[in-house]
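Every read-out reported here was derived from the displayed coordinates using simple, explicitly stated rules and does not represent laboratory data. Please read these numbers as outputs of a predicted model, since none were measured by experiment. For neighbour counting, all protein chains shown are included, and Cβ atoms are generated from backbone atoms with ideal geometry for every residue, glycine included.
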Amino acid sequence: AEATAGSTVLAHYVGVAHSTGAEFDASWNRGEPLRFNLGAGQVIAGWDQGLQGMRVGGRRTLTIPPHLGYGDRGAGGAIKGGETLIFVVDLVEVS
């Protein structure tokens, strides 16, 4: 199955800050993939764009510039404003 806008997807991921190489989030650590509707604005724009066309069982490395991530405001203490994000994403399921 292929991920398209409107699909419900399940994905495992690791997120790393480009400037520091520090991991800021990983679904693997929770033992539970992230479930969301693709293309619906439930995740950062870089994910909504970067996972389109991905197939179940596939892995992608997404390099996401700030304007498709958390912009100048950052997120929590882990992602500073203007940060480029790197995610390794494994697509687990599409429905």
### Message
Tell me the mean residue ellipticity at 222 nm calculated for the chain from its helices only (DSSP H runs of n ≥ 4, each -39500 (n - 2.57), averaged over every residue, nearest 500).
### Response
-2000 deg cm²/dmol
### Query
How many angstrom lie between the C-alpha centres of the range 59-92 and the range 16-35?
10
#### Entry: Value of relative contact order over the chain, rounded to a whole percent, pairs C-alpha under 8 Å and six or more apart
38
### Query
Quick one: net charge of HIS12's neighbours, Cβ under 15 Å, K/R +1, D/E -1?
0
